[in-house]
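Computed from the coordinates by the stated procedures, all read-outs in this text should not be read as laboratory data. Given the structure is predicted, the values throughout are model-derived calculations rather than measurements. Backbone-built Cβ (ideal geometry, glycine too); neighbour counts: all protein chains shown.
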Amino acid sequence: MIEVSNLVFAYPGQSTPVFDGFSWRVERGEAWTVIGPSGCGKTTLLYLLAGLRRPDSGRISVGGADVAGRGPCADAALVLQDYGLLPWATVWDNARLGLRVRRPYGRAGDGLGAQAQFWLERLGIAELRSKYPSQLSGGQRQRVALARALAMDPAVLLLDEPFSAVDALAREDLERLVMRLWADTGVTTVLVTHSIEEAVLLGQRILVLNRPPNRSVTIVENHMAGDISFRAHSEFVAKCLELREQLSDVLQP
Amino acid sequence: MRRSDTAIASLALLIVWQAAALLLHNPILPGPLQVLLAVVRLAPGALGRHFVASAARVLLSTAIAVGLATPLGLAAGQSAGLNRLISPIVYVLYPIPKIVFLPIIVLLLGIGDLPKVVIITLILFFQVLVVVRDQAASIRPELLLSVRSLGAGRLAMLRFVYLPATLPAVLTSLRLSVGTAVAVLFFAESFATTSGLGYYIFVETWTRLAYVDMYAGVVAMSVLGLGLYFAIDGLERLLCPYLFLE
């Protein structure tokens, strides 16, 4: 579903590349989490997959199509930590935005809105459709962002620390929601997080990134992902410890 | 601002005016009722004609200034290179009171509507340019990226992000500068012309010592300024409802 080969990427003006000959593969329907120290390139990786950044060299393909340097990737939908919704648009207009931006001057017909309506209902926020983002809680805002992404019927869902700006209860609620969505739709997900617990809870496979430059790939396999009841399990705690050790190895100078 | 508050403030002003007129008891300060009757009497004739001439000049200048400054401001807000080019020019020209150019503009463009429209456009242009540029540059990168990731091209970014993001700032800059625009218009119309409220107040009534008619002109000019101010307020409520949530 996602194939990254020999990726090289550096921010302009920085001598150390974030990725230097980095290769990585995601199969259809897998749920990945990405974790690493801040500045390791977690978010950059998502932007590269979404087609928002152009690699210096190497190849990235999503759903079989080459995305490198071709502008936003049509098969990937991105949900950011916060500020992703238009403050001046209602929930309904935000949810339809992905459908509308592709034909900015045409009329958004009913057929195009059906997907957005479906997801607003599915995520339990249909009654908020005439509200503006400033009138919503953090959790509700992220549900709108998810509905907007899912209305595009993406092959890959990219989430950049999507729950770090909401309170603990809403966070757990959203984590549960993502697990259910993944189980029901089988959409391939890549979720960036800074929380070890969240990485273990939501990632079938966990990609551990290093301090730049990232050359080799460190993957932690995790068969417990997707079931919130594991949270209290000793195996879950053991997996979190394993991941923490991986991360501290990474952080050794 | 609540409607009732506005009404009470207006009433208080009228009472002060009436009291001053009674105290002074002199033809140079007629009372509000007398002036109001004059407005009603003159509105279908000369006063109305000059009001329309002035209003048309302000509206045309506003449209031109917004039409020119918005695209340039949006472009400068998005492109660091263009901003580096125009910023020093704006920095030097912005604080200069544009009205000092009026004699030159009149010399170059003669009498008639053009020099008035040019001077007001010049004043509004810089106000709008600066706020649109700053607003476009301050849009959160997360917002831009998330909309771009949906597949938005340049046109869609403009239509769904840049224009709505800068609209409140454009309206605020207009609200702040519309008073200046009307004041400059008044001055610009007070010579080298035969139409407009400035001409009516200074040439047709003041020099003839027609005090009541002159006050009618002053009221008309105030109505013009207030009307524009209220119109911008109304536009903001209509176009930016998200700013007025409970």
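Structural remarks
- Secondary structure note: in the protein assembly as shown, about 50% of the DSSP beta bridges are antiparallel.
- Straight Cα distances below 13 angstrom link A:LYS131 to the aspartates and glutamates A:ASP93, B:GLU246, with same-chain residues fewer than 8 positions distant left out.
- Taking the Cα centre of the stretch A:85-153 as reference, the dipole from Cβ charges on Lys and Arg (+1) and Asp and Glu (-1) amounts to some 180 debye.
- Antiparallel bridge percentage (DSSP; both residues within chain A; nearest 5): 50 percent
- Virtual spin-label span in nm between B:ASP113 and B:VAL92, 7 Å along Cα→Cβ: 3.3 nm
- Shown in residue order for the stretch A:122-131 are the 3J(HN,Hα) couplings computed by the Karplus curve 6.51 cos²θ - 1.76 cosθ + 1.60 at θ = phi - 60°: 4, 8, x, 10, 4, 6, 8, 4, 9, 7 Hz (x for Gly and Pro).
- Per-residue shielding of A:76-87, expressed as the average number of other chain Cβ atoms within 10 Å of the residue Cβ, stands at 5.
- CD proxy at 222 nm, helix term only [per DSSP H run n ≥ 4: -39500 (n - 2.57); per residue of the protein assembly as shown; nearest 500]: -17500 deg cm²/dmol
- Shielding by partners for peptide A:46-56, expressed as the average number of C-beta atoms from other protein chains within 10 Å of each residue's C-beta, is 2.
- Efficiency of FRET between B:ALA43 and B:LEU226 - r from beta-carbon atoms, R0 25 angstrom, step 0.05: 0.95
- Calculated on the Cα set of the stretch A:85-153, radius of gyration then Dmax: 10.9, 32 Å.
- Calculated translational diffusion coefficient of the stretch B:159-201 (10 °C, 1.306 mPa s; Stokes-Einstein with Kirkwood radius over alpha-carbon pairs) equals 130 µm²/s.
- On the beta carbon distance between B:PHE191 and B:ALA63, with R0 = 30 Å, the FRET formula returns roughly 0.75.
- More than 31 Å apart - percent of Cα-Cα pairs taken over chain A: 24 percent
- Compactness relative to 2.2 N^0.38 Å, alpha carbon Rg of the stretch B:43-241: 1.19
- Computed over the stretch A:130-253: relative contact order in percent, which uses C-alpha pairs under 8 Å that are six or more apart: 20 percent
- Legend: calculated FRET efficiency, B:ALA7 to A:ASP153, from the Cβ-Cβ distance at R0 = 41 Å, rounded to 0.05, equals 0.15.
- Neighbourhood net charge (15 Å Cβ-Cβ; Lys/Arg +1, Asp/Glu -1) for B:TYR94: +1
- Simple rule: put +1 on each Lys or Arg Cβ and -1 on each Asp or Glu Cβ in the protein assembly as shown, find the dipole, and look at B:PHE230, B:THR180, A:LEU181; the Cα lying farthest toward the positive end is B:THR180.
- Partners for B:LYS116 among lysines (Cα-Cα distance below 29 Å; same-chain residues under 8 apart left out): B:LYS98
- Residue (of A:GLY51, A:VAL91, A:CYS73) at the positive-pole extreme of the stretch A:1-106, dipole from beta-carbon charges: A:VAL91
- Here the relative contact order of chain A, from alpha carbon pairs under 8 Å that lie six or more residues apart, stands at 26 percent.
- Local electrostatic count at B:LEU228 - Lys and Arg +1, Asp and Glu -1, tallied over other residues with Cβ under 14 Å: 0
- Taking every C-alpha pair closer than 8 Å and separated by at least 6 residues, the mean separation divided by the residue count of the stretch A:85-153 gives a relative contact order of 52 percent.
- Its residue count N fixes a reference of 2.2 N^0.38 Å for the stretch B:185-246, and the Cα radius of gyration divided by that reference is 1.58.
- Local electrostatic count, A:ARG211, Cβ distance below 14 Å [Lys/Arg +1, Asp/Glu -1]: 0
- Derived scalar couplings ³J(HN,Hα) [the stretch B:144-154; Karplus, 6.51 cos²θ - 1.76 cosθ + 1.60; whole Hz; x for Gly, Pro]: 4, 5, 5, 6, 4, 5, 7, x, 6, x, 4
- Considering only the Cα atoms of the stretch A:102-250, their convex hull presents on average a projected area of 11.2 nm².
- The stretch between B:ALA137 and B:THR172, if pulled fully straight at 0.36 nm per residue, gains 10.9 nm over its current Cα-Cα span.
- Hits among lysines - C-alpha to C-alpha of A:LYS42 under 23 Å, sequence gap 8 or more where chains match: A:LYS239
- In angstrom, the C-alpha Rg and Dmax of the protein assembly as shown are 30.9, 98.
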